[in-house]
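Asker: One structure, as structure tokens, below. Some questions next.
The values are calculated or read from the model by the stated rules, or taken from the named source; none is laboratory data. Please read all numbers here as calculations on a predicted model, not as lab measurements. Glycine also receives a Cβ, built like all others from the backbone with ideal geometry; neighbour counts cover every protein chain displayed.
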Amino acid sequence: MPVALLGDGHIILRSVNKIYASPESAVADIPDGATIMVGGFGVTGVPFTLIKALARKGSQNLTIIANSGGGRLPDIDLSIVMKNGQVKKLITTYPVYTGRTTAFEERYLKGEIEMEMVPQGTFAERIRAGGAGIPAFYTPTGAGTKLAEGKEIRIFNGRPHVLEHALHADFALIKAHKADSMGNLIYHRAARNFNPIMATAAEITIAEVTEIVEKGQLDPEAIITPAIYVDRIVIGEKHEIRFD
Amino acid sequence: MKSGLTRELICMRVAREFHEGDYINLGIGLPTQVSNFIPENMEVVLHCENGMLGYGRIASTEEIDPELVNAGSEPVTLKPGASFFDSATGFAMIRGGHINVTVLGAFEVSEKGDLANWMRLEKGIGSVGGSMDLICGSKKVIVAMEHTTRDGHPRIVKKCAQPLTGLACVDLIVTDMAVIEVTPDGLVPKEVAPGLTAEEVQKLTEPKLIISPELKEMEL
């Protein structure tokens, strides 16, 4: 049976049957200290079912890599993992919102969680690079700002560029629209966002979907995430999405 | 103090900067509202870094699709010819120089066109989002903001006090008081809001404005 090796030396079995019966079973082996990418932008494309399962599982000392640390739907988004005290560090682009205080922000300002702030395009590219075997790259983004402090700078075409390193995770929790039984995925509208790139950059990718169909039922031309990137598929619960 | 433009009128004035065929990104806050003020018959394509080209105005309650939102996570509508992609592609379009115009909000803009829009030092934390990528990849950067802070301090300053988003990156500033171009020589007001004078704008602007003979009253 194929195995996956986590950052801390943990060995995880890759099941040949990728369809998991419950969100609990899909996250059951996430150990303390794991690095986890979580998809979504605001309230769209967020794997709420898997986040809730991770909160129930209670793994500790996690490093979370996510565009935001939750806060728009605090009863079901990453806020619940933050409130639980499960997170050691957040690598993110958008941790605070105007007009509300997030659970992450409260803990961060008390010094209970570390944060690495990354410009969103650099964040996306670091994940893409992680999945594509590129260890680092230079980007003009952030040059001359606080977010480039301490980083190597090199001039290309007369312009300063910042050396940025790839991001990689032990697990990716992602949300897609439909999966086939092989693990091929398609998405719905703007809910795609970070999910396809995170799927490529983790040892074990767990996808929450609204529907699972037999292999052959998805048009091969339409597949956005090929099955090679997906290890586990689980049907997500329906959540009420509020815009407030 | 005389009142300047409303937020809606700022958006309407920003939309006048767009040209047929432009690919445009609208940042969080005031800029996302600009999508409501683009003339129906104008062929421009709105880009959103979360993976979408070709969205339209903000959705009405009946039109809401929770999986169709703009950069500010507000539900929007979709126009014929739209497309979806992932965030890495969304930012490759930005960094790769494919976006003609970016509209961003700001805390401060300096006379050199430095932008500070992601963090207030006194808060101890901010959200950078895609702003640093947008300013270094887009052909034209427009800042849409209120001319002063809530307590009346200028937001157009000699040197930004808040953490920078980018150096010398802003091309045009549209506020409730004026439309100001950032030039190599300094800040040149192009238009002032109806009823206001250049002197009144100068009073609430920290750096010295360069008054050009072409300065006119904004037509709305």
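Asker: Which of the residues belonging to region A:156-179 are surrounded by fewer than 23 Cβ atoms within 10 Å (Cβ to Cβ) and out of contact with any Phe, Trp or Tyr (no Cβ under 9 Å at 6 or more places or on another chain)?
Answerer: A:Asn157, A:Gly158, A:Arg159, A:Pro160, A:His168
Asker: Which ranges mark the strands (runs of 3 or more DSSP E) fully within region B:1-85 that have 1 or more residues being surrounded by fewer than 16 Cβ atoms within 10 Å (Cβ to Cβ)?
Answerer: B:76-84
Asker: Being among the acidic types (Asp, Glu), touching a strand residue (DSSP E or B) at 6+ places or on another chain (Cβ under 8 Å) and closer than 25 Å to A:Thr98 by Cα is the filter here; which residues of region B:1-60 pass it?
Answerer: Residue satisfying the conditions is B:Glu49 alone.
Asker: Can you go through B:Gly113, B:Gly90 and tell me which one is within 13 Å of chain A (Cβ to nearest Cβ), of a type in the set (Gly, Ala, Ser), in contact with a strand residue (DSSP E or B) (Cβ under 8 Å, 6 or more places away or on another chain) and part of a helix (DSSP H, G or I)?
Answerer: Selected residue: B:Gly90, the only one of B:Gly113, B:Gly90 that is within 13 Å of chain A (Cβ to nearest Cβ), of a type in the set (Gly, Ala, Ser), in contact with a strand residue (DSSP E or B) (Cβ under 8 Å, 6 or more places away or on another chain) and part of a helix (DSSP H, G or I).
Asker: Okay, moving on. So, in region A:156-179, exactly how many residues are facing chain B (nearest Cβ under 9 Å) and assigned to a loop (DSSP other than H, G, I, E, B)?
Answerer: Summing the residues that are facing chain B (nearest Cβ under 9 Å) and assigned to a loop (DSSP other than H, G, I, E, B) in region A:156-179 gives 1.
Asker: Scan region B:116-138 residue by residue and report those that are part of a loop (DSSP other than H, G, I, E, B) and at pLDDT below 95.
Answerer: Matches in region B:116-138: B:Gly124, B:Ser138.
Asker: May I ask you to list the residues in region A:180-208 that are more than 9 Å from chain B (Cβ to nearest Cβ), buried (at least 24 other Cβ atoms within 10 Å of the Cβ) and in contact with a His (Cβ under 8 Å, 6 or more places away or on another chain)?
Answerer: A:Leu185, A:Ala202
Asker: A further question on this structure: Please determine, by comparing only the residues of region A:14-61 that are in contact with an Asp or Glu (Cβ under 8 Å, 6 or more places away or on another chain) and in a strand (DSSP E or B), which one is nearest to the other protein chains (Cβ to nearest Cβ).
Answerer: Across region A:14-61, the extreme among qualifying residues is A:Thr44.
Asker: Hey, could you check region A:128-155 for residues that are facing chain B (nearest Cβ under 7 Å) and in a helix (DSSP H, G or I) and say which is nearest to A:Gly39 (Cα to Cα)?
Answerer: Among those that are facing chain B (nearest Cβ under 7 Å) and in a helix (DSSP H, G or I), it is A:Arg128.
Asker: Still on this structure, I have one more. Can you name every residue in region B:86-98 that is touching a residue at least 40 places away in the same chain (Cβ under 8 Å) and either buried (at least 18 other Cβ atoms within 10 Å of the Cβ) or hydroxyl-bearing (Ser, Thr, Tyr) (or both)?
Answerer: Across region B:86-98, the qualifying residues are B:Gly90, B:Phe91, B:Met93, B:Ile94, B:Arg95.
Asker: For region B:117-159, which residues satisfy the criterion of being within 11 Å of chain A (Cβ to nearest Cβ) and surrounded by fewer than 23 Cβ atoms within 10 Å (Cβ to Cβ)?
Answerer: B:Met119, B:Arg120, B:Leu121, B:Lys123, B:Gly124, B:Ile125, B:Gly126, B:Ser127
Asker: Of these, A:Ile30, A:Ile11, A:Ile64, which one is free of Cβ contacts under 8 Å to residues at least 40 places away in the same chain and under 16 Å from the mean Cα position of the chain (by Cα)?
Answerer: Residue meeting the stated conditions: A:Ile64.
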